[in-house]
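Accompanying notes for the structure given below.
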Amino acid sequence: MSRTAGPVAALSCGASPVLLRHAVRALAVLIPFLAVSGLPAEEPPPTRAVELRVVDRLGRPVTDVSACLLPACTKVAWRTEKEGYIAGVPAGDAPAALRLTARSFENADLVVAPEAAATKATLKAKGSVRVVFLAPEGKETVRLTVSLKETIDPNAGAKGRLLAERAVDVPPRPATSAVVLDDVPPGDWVLGWEGTSIAAGTKVVKVTETRSDAGSVGLVRGWSISGSVRDDLGVVVPGARVRLRAGSPTTGRPVGTERVARTGSDGGFVVHGLPLDEVLSWDSGTDEHEVSRGELGGETRLEIVLARAQRVFGRLVDEEGRPAAGVEIEVSYVTRKRSTDSEGNERRFTMVEGHPGPVVAGEDGAFSFFRRLPASVQVAPQGKDRLPETRTLEPLPADAVRGELDLGDLVLRAGRTLTGRVAKADGGAPVAGAELEASWTGEEAGALGSARGLSGADGSFRIEAIVPGREVTLTARKKGFSPRTLAVAPEADSVDVLLSRGGRVKGRVCGTAWELASAAVWYGPDGAISNRSQAVVDSGGRFTLENAETGTLTFARSWRFRNPANPGSTWEWSGAVRANVEVKEGETAEVSLGCDGIPVSGLLLRDGRPVSSEIVSFSSGAGAPATDAVTDASGRFFARVPSPRLWLLSAGGSPLSAAAACEVPPGGLEGCRVEIGKDGQ
């Protein structure tokens, strides 16, 4: 038997196992040899880049999308870019088919045309919302419009757009009507319902990948109001905004019912869906008219007169007189009220409202706005690293001529500069990225202000545009460290800030379930609480503050109200229940708010009707400890007072009065009833 060099190409059927093993080894040697010997290999097919935008039904970008190439669903080149994706699809004259996959959405097949450089795909969401409606008492079928809207939150980019709307007939009781809205992307949505004879309502629904059950809604009877809007010359005002809502006409608290309409070309309007059992306030205005406010007393017709607003204008310049283009001017309306209780104690109330819409200096520095309220107005330019010349406009009397007001030139000045260094208290190592704020106050107009800075890699900082000749409160904050607050003398131009780990505070807020849903905890050193320093409260009223500033910290049980249809809008109130705690380095302190005292419960009425989500304050005299509570949906409240005695009550901005007082015995009191008239007394 002769041998030949090289691999065995073929074997006879009777070849031995030894020869087979030799053949396999030979092929194993041959294959890599052929691969490196320069023989041609199959080239991957050429591809081209296509820009792909994937959105939900509202046109919002869908995140975490993946794709494959059909029909075999093979891997495709894919990367994220800005608010879209770049896909590598086969080049050539034939269209390419992609399958898109994203969590919470159904798979979608997309055909990309050969000539397309960019395309868009809309995915259908897996989520849905189901709600059951029960008609009010009666024998007739109720016609209802059900809607699902995006929440309004500028920080999240949510604009309140309509996602779905459906008309439904709700049969008489005991029958019910179920509505299911499909293709709902994950997130928080505002479910709304309205009808001509039904009180409109809203409910926030959280949607995930599956069906969300909004539960059952018992509809209640409602009514409508019509009217017209004219100016002070009797001319009809088209396009005016008319809003009706539950609550006081002088506060901005967003609670309960809110309905909005726009006047037509004839100045007329109609508002449907108003609840029968609520006292409603109204307000109306336009960009060029003052806001008018009032309260409904059962009328079904509302005639509104708007005063033409004063036009305020001026020019923003730097110290050399050059125009400060593009600088935003903050316009705030400040309303101050004073009242006196039956014992002569004075009560002060201040409400600050922002101007609706930005006021920005143009290329020539000129700016203008229409004064929306006759209240005091603060005009404060917001130039970076410059101290603004803040102007305060006095309130306008009701009979004053509005016309125009020229503020002249408002100058942005350099102001005082404060430098320094932020370092660790233990060892002196620099602390980079610490946020610093210099704030100041004063009695004269425009005296309140602040300026900010950030420490660099070496811990150094520089804060400009500080009002000169005034003591400054400097606060430094850095995650992982305790905040540090220092008083800086008017003549100082440099200061060092030492940060430490601080202490820990474990706290508890007590209240009803209704109150805890709106509870917030403000805190600050030595009684200087601020809503800028808040501890996160869980559903059970517990909170923990890590790296708390050493020394005496004051905590206050406060309130934060949100409109469910407008989560970006909040109304906050600093509560009367407060407690101090001594914080020590490396130790844990405990504090409780509203948990101790003698129980008092009761009912708050306005014109004989329960008042929901109103703050009721309790006081026993000037300078004495006070407490407060929030009424629930039935107008009921529960509080704890420090001692048995006569407690004066205040609600809805009314003064403390012996006419609204309850004698609390040592064992507590049930049935403390408070009645408020239309005038708030």
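The values are calculated or read from the model by the stated rules, or taken from the named source; none is laboratory data. Bear in mind that the values here come from a model prediction, so they are computed numbers and not experimental data. We place every Cβ from the backbone using ideal geometry, glycine too, and count neighbours over all the protein chains shown.
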Note to self: I'd like to verify a number: residues in the range 550-575 that are assigned to a loop (DSSP other than H, G, I, E, B) and at pLDDT below 90, how many?
What the structure shows: 4
Next item on the list: Of the conditions (1) more than 27 Å from V205 (Cα to Cα); (2) modelled with pLDDT under 95, T141 clears all except one; give me its number.
Entry: (1)
Next item on the list: Kindly check whether there is at least one residue in the range 425-432 that is charged (D, E, K, R) and either free of Cβ contacts under 8 Å to residues at least 24 places away in the same chain or surrounded by 14 or more Cβ atoms within 10 Å (Cβ to Cβ) (or both).
Entry: no
Notebook entry, point to check: Restricting to the range 649-681, what's the tally of residues that are at pLDDT 80 or above and over 16 Å from E614 (Cα atoms)?
Noted result: 11
Notebook entry, point to check: Residue check, L498 against (1) closer than 25 Å to V536 by Cβ; (2) surrounded by 13 or more Cβ atoms within 10 Å (Cβ to Cβ), all met but one. Which one?
Noted result: (1)
Next item on the list: Taking D93 as meeting all but one of (1) surrounded by fewer than 12 Cβ atoms within 10 Å (Cβ to Cβ); (2) in the same structural domain as D182 (by TED's automatic domain parsing), write down the number of the exception.
Entry: (2)
Item checked: When residues of the range 164-208 are limited to those that are among the basic types (K, R) and either surrounded by 13 or more Cβ atoms within 10 Å (Cβ to Cβ) or closer than 24 Å to R245 by Cα (or both), the one nearest to the chain's Cα centre (by Cα) -> K203
Notebook entry, point to check: So how many residues does the range 55-83 have that are within 14 Å of L123 (Cα to Cα) and in contact with a Pro (Cβ under 7 Å, 6 or more places away or on another chain)?
Noted result: 2
Notebook entry, point to check: Does T145 fit the bill of being in a strand (DSSP E or B) and surrounded by fewer than 15 Cβ atoms within 10 Å (Cβ to Cβ)?
Noted result: no
Next item on the list: Exactly one condition in (1) touching a Pro at 6+ places or on another chain (Cβ under 7 Å); (2) modelled with pLDDT of 85 or more is not met by E319; state its number.
Entry: (1)
Check: Is the range 305-313 home to any residue that is over 20 Å from H355 (Cα atoms) and either in contact (Cβ under 8 Å) with a residue 40 or more places away in the chain or surrounded by fewer than 19 Cβ atoms within 10 Å (Cβ to Cβ) (or both)?
Finding: yes
Check: Taking into account only those residues within the range 235-259 that are at pLDDT 60 or above and among the charged types (D, E, K, R), which is farthest from the chain's Cα centre (by Cα)?
Finding: R241
Check: Any idea which of V89, V129, V142, V112 is touching a residue at least 60 places away in the same chain (Cβ under 8 Å) and over 30 Å from S177 (Cα atoms)?
Finding: V112
Next item on the list: Could you list, in sequence order, all residues of the range 49-107 that are part of a loop (DSSP other than H, G, I, E, B), among the polar types (S, T, N, Q) and at pLDDT 95 or above?
Entry: N107
Check: So which residues in the range 490-536 are hydroxyl-bearing (S, T, Y), farther than 12 Å from A548 by Cβ and assigned to a strand (DSSP E or B)?
Finding: S494, S530
Next item on the list: Sort out which residues of the range 366-382 are of a type in the set (S, T, N, Q) and at pLDDT 95 or above, and write them in order of number.
Entry: S368
Checklist line | Filtered residues of the range 151-163 (kept if modelled with pLDDT of 90 or more and surrounded by 19 or more Cβ atoms within 10 Å (Cβ to Cβ)) | finding: L163
Next item on the list: Please indicate, with yes or no, whether at least one residue in the range 619-626 is outside any loop (DSSP other than H, G, I, E, B) and either in the same structural domain as L276 (by TED's automatic domain parsing) or at pLDDT 90 or above (or both).
Entry: no
Next item on the list: Go through the residues of the range 400-410 one by one and say whether even a single one is basic (K, R), over 15 Å from R484 (Cβ atoms) and surrounded by 18 or more Cβ atoms within 10 Å (Cβ to Cβ).
Entry: no
